């Protein structure tokens, strides 16, 4: 497998995973009508900003098949794209059940903490990835949409995981919440560690995709 193909399928896997986990939130939590459609549409818009220049941002086997028959991707890309899109969707459905734990007060504290940790990791990763792709690339220099794309990530996170982790996605915000008593100092690692680790992962992948030293 070539390095270029590896980058493409990694983007397709991550993008499909994030799209599917957010759709799970919307559908299973019965966020219906225009509001639910708005959330899913915003998610797709954000993911397109992140992945369009690398993989084409399909995140959908039906789209990949269509683009293959259009002549815009190879048979090899078709096979890998579809496989990793499906793996991304399965992974999302499994992890979703960790994120819905807080709605049931009978769960143990450890499981509640894992839900907050996973929430902070996923949305901080998405936030940093969007910032790097829309605000630091020469190809997107001078654009006027980067503020919307970044703000919408925080908007989505606040709606979907605000009740789970307080949706800080930012060690500075977490520090403020600690000082105001909203987050217990002893529990702060649940927020800060995934925030920092996901930011480092997003940066590593960004540099890998774009061949930046």
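The values are calculated or read from the model by the stated rules, or taken from the named source; none is laboratory data. Just so we're clear, the structure is a prediction, and the values are computed from it rather than from any experiment. All Cβ positions, even for glycine, are placed from backbone atoms using ideal geometry, and neighbour counts span all protein chains on display.
A few points about this structure:
- Restricting the search to helices (runs of 4 or more DSSP H) fully inside segment 1-108 and requiring at least 2 residues that are at pLDDT 95 or above gives 3-28, 61-70, 75-99.
- Residue list for segment 32-50, filter: buried (at least 19 other Cβ atoms within 10 Å of the Cβ) and free of Cβ contacts under 8 Å to residues at least 60 places away in the same chain: 47
- Which listed residue, of 176, 167, is surrounded by 12 or more Cβ atoms within 10 Å (Cβ to Cβ), within 18 Å of the chain's Cα centre (by Cα) and either at pLDDT 90 or above or assigned to a helix (DSSP H, G or I) (or both): 167
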